[in-house]
Each structure stands twice: as C-alpha cells, then as structure tokens.
Amino acid sequence: MILNRFPRTYILCILLSFFFCVRSAAATVSYKISLDHPEQHVFHVTMTVPNATANEAVRIPAWNALYQIRDFAYRVRDVRVAVPLAGEGREVPLHKLDKNTWEFGDGRDAVMSVGTRDLVFTYSIQWDEPGPFNSQLNPHHAFVNFAEVLMYGPARRDEDVSVEFVDVPAGWRIATALAPGQAANSFVAPSYDALVDAPVEIGKFEEFSFTEAGAPIRVVVDAKEWSRTRLEDAVKRITGYELKLMGGPPYKEYTFFFRIGPYAEVGGGGMEHANCTAISSGSIEGAVATAAHEFFHLWNVKRIRPESLEPVDYTKEQYTRALWFAEGVTSTYGAYALERSGVYTKEQWYGDLSEQITELQARPARRWQSVEESSLDAWLEKYDDYRQPDRSISYYNKGQIDGVLLDLAIRDATGNHKSLDDVMRHMNEVYALRGQFYGDSGHFHGDIGSIGVAVNDIAGRSFDEFFRRYVTGTDEIPYDKFLAIAGLELKIDSSQLSDLGFRAGRAPGLGPVVAQVTIGSAAEAAGLRKGDVLLGLNGEGLPRNIRGWLRDHHAGEIVKLRVRRDGEEKEISYALGKGSGDHYSVVESANPNERQRRIREGILHGTTD
C-alpha cells in the first residue's frame, strides 16, 4: 500500500485562506500519548502548539495507509484547548469547522488577542483494530499509525515535531524508525509528514538485527510461535538481492515490524514506509512473501514516486493513474526477489504467475476497465460490490502481469541486453536520486507518461503501442506471444474445481470477511453469514492463494472455517461444493531455441547478455 514519502520542506507548507503559516526556527509541535488503561483501547493525547495565533486550526486526517476515506474523526472525543497562564491553564473558545477540523480562538478572546501564545490541545481517540493499516491499543500491545491518532496544524506541517509516550505498561518496549528525543520514550521528526511515515510498536516483542550492504536492518517480531532461522534467512536473501539490484540502501537504518500467527491474519497485509514496513500474516511464508513486496517499495513509490501523490492531501481522495506501476510492478519485483534470491523455486514463480493470469482471466471487467482506470478507482475498493469480477480488476494483479510482459518485451527488443531492471534503475537515477517525481500518463488514450518514456529510452524503440493496448487500453493480452519470447507456454485446464461456497471481501479495520454466501451451498446450510470475519481454515491461517488451495482440495471434502461474529469466535464445518472456471499454467517449452533459453534464464536470474 501507499503512504506519503519522506517529505521535502518545499512542498509541505500548505496555506489556507483563513490560516497563517507561522514558523519559528525553534518551534516544535509536541505530543504526549498516554497508554494508561490499555484494556479501554483509548489513546489520550496532549498536543502543544507553540506560537499559536487566533483562529488557527487543527485537523485529523480523513485517510491514511489505505486508499479509503475512513474519517478517523469519528473516533475522537472530549476535545479541549487551553492557554497556559502562570502555571494554570485557561480554556479558550473552540469551534468545529467540519467533520475533522477544529478552530481555536475567535479573535475576540482577550488572551488570544495579545500576540501569540502556546496552546495545549487535549483529546482522546479509540483504536483497537489489528493490522498494519490501523492502530491498536489493548493489554497485549500498542501499534500506532500516527496519522490515525494525531492531529496536525494544516499550515504547520513542516515544523519540527516530538512525540512522547507516557503511562507505558511495565515490561513494554518501544520500537520505531524515528530518532530518539531527549526524554525517555520520546522521539522526534522534522515534520508531521515524516512523523506519520514511521509507525510504532510497543509491547513485549522479540527482535534481531543484521547488516546488509553496509546498513543495519532491524527485525521486530510479535508472534506466538515462529522460527527465527527461517525468517532471518529469507529476509536476508530478499533484502540482499533487492539492495544489489537497485545499487545499495537509500536509508541509514531499516526496520521490519512483523506480527505473525493465526491471530494476525485479521487485518493482514503490509504497509510500506520510508525506512520501515509493518507486516501482519498468519504464517512465516506469508510474511516473507509480503516482505519481498514491501521492501521494494523503498524505491518504487517511496522514492520513485508519481507527482500525482505529492504533496499528500489528508483531507480527501488523491487520485493517480500510476498504481498499476507503483503497486503492480512492485508485485512483479516481489515475486522476482523471492525466486532470484532462492526463497522460491522457479516452479513456484511459474505458479505465482499462473495464478495471476488465472485471476485476471476470471474477471469479465478486464474487457472494459483498464489497469489505469483500476488505479483511479482504488478509492472504491472498500465497497464489496466494486470488488466483484464483473465490476473491476485489480491494479496489483494486472500490474504484476504487465510488469512481466514489459520485461519480456524489452529483452526481446534488445536481444536480452536490457530489461525491466534497467528501467527501474533508470527511474531511480532520473527521479528519486534527484528529488523529483515522475509524471502520470495523461487523461487521454495514448499518453504514456514518464513510465512509458523511460521504457522507450531503455529499449531504444517505441513501446507506445504496448501502453495503448495493455495499460491505458483493454485489449486482450496475447499471452502465448509474450511467453514464447522466453520459451514458455500457457496451458489451460478447464476441469472443475472445488468451491468454498462464499465470496470473500475486506472490511476496513476487520480484514477479510464473507462478502456473499452462495445461495443453496453447503456453506449457507452450515450457517455461514455475510459479514462473518474470516480467521482461519482447517486450523491454519487463511490461504494466501485461495485458487491454488482449492486446486489441492476436492468437492465433498469437509473443511473447518473459523470466523468471528458479534465478537465471538466459532468454527463452521461443511463440505466443499463444485466450482467451475479455467485454470492457466505457465510451463517451459520442450525445445526452446538459444535466444529463448537466454531470455528465460535472464528472467529467472535477473541477468542480461
């Protein structure tokens, strides 16, 4: 997923017509967050705003982490503001301007009319939602995405900030990518944007660290049962490969936050940040696969970044046509990293690509929604009906496929002398290392944008038709034509698959849920309901690849589905039904020629001639 990149001061001072942009060289907006009574799930926040003027305002973001307007303001309660006077605090007028903005001082208040003063702003906010896209406070731990908890001054986002945690339960430690402050349990950042790009884990976690490419990597783990050897080996392989691919670390230190186990499956997934990532998964295998994707976001999205996402506007939807590249091609490289580093076999890589093709071909919406349109429509993903196969495709899914197709086509056009790897390094040099953002494609069919220009530059010929047909357009992909470049073939199996009897969706703050139960199915007869939160299957976490799991299980087989309903967990057992649909498999051709063999080896090993 995408969040704001590490900030640049020249884009962060947002002037509003009724606010003043006041900045003192020594100004620091400070926060204190109390974790008292974690069983109540309420963060108590004190925000001190220095040198405040009458009619300034504070605001809490309407969105963060997910491309969804989630209106964090509905969680806020008991908002107050006071001016410290001779050791006492005098409350000043407070006015709510809209759903997430409060203005203090009305211009007639005697205290506020005499120059500028510090203001102390207090409120509480409730959070107990698992996963890397949310915040949580309970007796087990605290996890904080700051943009979901802390307000900000719209005109003061570029001021230094500090945050201090108080009333931390005994035995809990704090892990974050932020620099430490002077006080115990305090941290500092050069701006609000930098602060909210560094989540915090607080609890009784385990950790280890290692050095890769000359820079330290810290791994923080919250898990009931896990193997350090398996996790450390995989993370070292993935980070080592990606750092070598992109020419070294763009950070001084990097942190992985892992929450692993069946209890972590709800709200599972990964969230990238400038110098860290937060990952929740039901298994080490799932956590590792997510880590390969999230670590590559260090470059693609956090530093190789579309200009349509800058500066971040926390108040409303922020549209971009580039998510197919920012997320989808990142998935291309997540899969590449797993295979090229030895975590995956080549058969697993073929299997993953096969599942991506099967998923896209099972969606009739591919015929009318382009992958660019899917990027623009990301803000609709919180609606179950939007996710239906005849309504939308995924920019993750088709974007990953397009990444592989581009790689194949570039290698074909250059005799395997250039690849998509060269495109990524080129964009890193032209944009990220120069502090620039790349341009999205235009609003009309055929404008390939900066990504297309970079591909053309590396390939030495025009790829405009590729972008018109498969990125901005909806032409059916001629898989055989592209796969043949590397001596690969696509096989289609139309045999009947098993069926779980329901369609899954994702609810904000809850993770995977039952979006629709098939009428007349065994699942319906067993009592499964729409809205049930999906926790596990057959005593394990939910499969990362449902289609792949179903291929290995047959109709009539009894399954045990663990769900949560109305705050209670229950197990529902029933027999799998019969499904239908084609399954696609990518396989190696029996007799590839020398050129095909070299390109195939290049794809699998990340090499060129």
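A short reminder: the numbers here are calculations on the coordinates, not readings from a lab. Keep in mind the model is a prediction, meaning the values are calculated, not measured. All Cβ positions, glycine included, derive from the backbone under ideal geometry; neighbour counts span all protein chains shown.
All other residues with a Cβ under 13 Å from the Cβ of P139 taken together, and with Lys, Arg as +1 and Asp, Glu as -1, what is their net charge? Let's see the in-between values first.
On the way: positive: K204; negative: D36, E39, D128.
Result for the local shell: -2.
Could you list which residues have their amide H under 5 Å from that of G501, counting only those 5 or more apart in sequence or on another chain, with H placed in the peptide plane?
Here the answer is G577, since their amide H atoms fall under 5 Å of that of G501.
Determine, for T48, T28, the number of other Cβ atoms within 10 Å of each Cβ, and report the residues in order from fewest to most. Mind dumping the intermediate values first?
Working: T48 17, T28 14.
In order of increasing Cβ crowding within 10 Å: T28, T48.
Would you mind working out the magnitude of the charge dipole of the chain relative to its Cα centre, with +1 at each Lys and Arg C-beta and -1 at each Asp and Glu C-beta, to the nearest 20 Debye?
Numbers: 67 positive and 84 negative charges, 38 e Å.
Magnitude of the dipole: close to 180 debye.
Quick one: grab the alpha carbon gyration tensor of the stretch 439-506, order the square roots of its eigenvalues as a ≥ b ≥ c, and give me rounded if a/c is under 1.5, else prolate or oblate depending on whether a/b is larger than b/c. Walk me through the numbers before you get to the answer.
Details: a/c = 3.15, a/b = 1.61, b/c = 1.96.
In terms of gyration-tensor shape, oblate.
Taking 0.36 nm per residue of separation and subtracting the Cα-Cα distance, what length does fully extending E571 through L433 add? Mind dumping the intermediate values first?
Working: separation 138, 0.36 × 138 = 49.68 nm, distance 5.19 nm.
Taking 0.36 nm per residue and subtracting the Cα distance, the gain is 44.5 nm.
Determine the relative contact order of the stretch 498-580: mean sequence separation of Cα pairs under 8 Å and six or more apart, normalised by residue count, in whole percent.
For the stretch 498-580, the relative contact order is 32 percent.
Quick check: net charge around D71, other residues with Cβ under 13 Å of its Cβ, Lys/Arg +1 and Asp/Glu -1?
Working: positive: R59, R70, R75, K99, K316, K382; negative: D98, E148, E317.
Net charge around D71: +3.
Using every alpha carbon pair in the stretch 498-580, what percent of pairs falls into each 5 Å bin from 0 up to the bin containing the largest distance?
3, 15, 27, 30, 17, 5, 1
Highest first, please rank the peptides 213-219, 512-518 by the mean number of other Cβ atoms sitting within 10 Å of their residues.
Going by the mean number of other Cβ atoms within 10 Å, highest first, we get 512-518, 213-219.
Going by C-beta contacts inside 10 Å, put D222, D98, D407, D160 in order with the fewest on the left.
Final ranking by Cβ density, sparse to dense: D98, D160, D222, D407.
Net charge around H554, counting only other residues with Cβ within less than 12 Å of its Cβ (Lys, Arg = +1; Asp, Glu = -1)?
Spelling it out: positives minus negatives among the neighbours equals -1.
Using only alpha carbon pairs under 8 Å that are at least six residues apart, calculate the relative contact order of the stretch 202-290 and give it in whole percent.
Details: 141 pairs, mean separation 24.0, N = 89.
Reported relative contact order: 27 percent.
Taking only C-alpha pairs under 8 Å that are 6+ residues apart, what is the relative contact order of the chain in percent?
12
Averaged over every viewing direction, what's the projected area of the C-alpha convex hull for the stretch 112-207? Give it in nm², one decimal, please.
Hull-based average projected area comes out at 7.6 nm².
Check which residues have an amide H placed less than 5 Å from D447's amide H, if you skip close sequence neighbours.
Result for D447 returns G442.
Just order 271-281, 577-587, 527-537 by mean Cβ neighbour count inside 10 Å, highest at the front, would you?
So the peptides 271-281, 577-587, 527-537, ranked by packing, come out 271-281, 527-537, 577-587.
How many times 2.2 N^0.38 Å is the alpha carbon radius of gyration of the stretch 468-609?
For the stretch 468-609, the normalised Cα radius of gyration is 1.41.
With +1 on each Lys and Arg Cβ and -1 on each Asp and Glu Cβ, and nothing else charged, work out how big the dipole of the stretch 390-441 is about its Cα centre, in Debye to the nearest 20.
In total the dipole reaches around 80 debye.
Arrange the following residues from fewest to most other Cβ atoms within 10 Å of their Cβ: R305, R363, R156.
R363, R305, R156
Compute the normalised compactness of the chain: alpha-carbon radius of gyration over 2.2 N^0.38 Å, N being the residue count.
Working it through for the chain, the quotient is 1.00.
Residue-wise, which Karplus ³J(HN,Hα) couplings in Hz belong to the stretch 336-348, taking 6.51 cos²θ - 1.76 cosθ + 1.60, θ = phi - 60°, and x for glycine or proline?
Rounded to whole hertz, the list is 4, 4, 4, 7, 6, 8, x, 5, 9, 7, 5, 5, 5.
Which order, highest average first, do 51-62, 417-428 follow once you tally other Cβ atoms within 10 Å for each residue and take the mean per peptide?
Per-residue Cβ counts within 10 Å, averaged per peptide and sorted highest first, yield 51-62, 417-428.
Compute, for the stretch 498-580, the length of the dipole vector about the Cα centre, with Cβ point charges of +1 (Lys, Arg) and -1 (Asp, Glu) only. Units Debye, rounded to 20.
260
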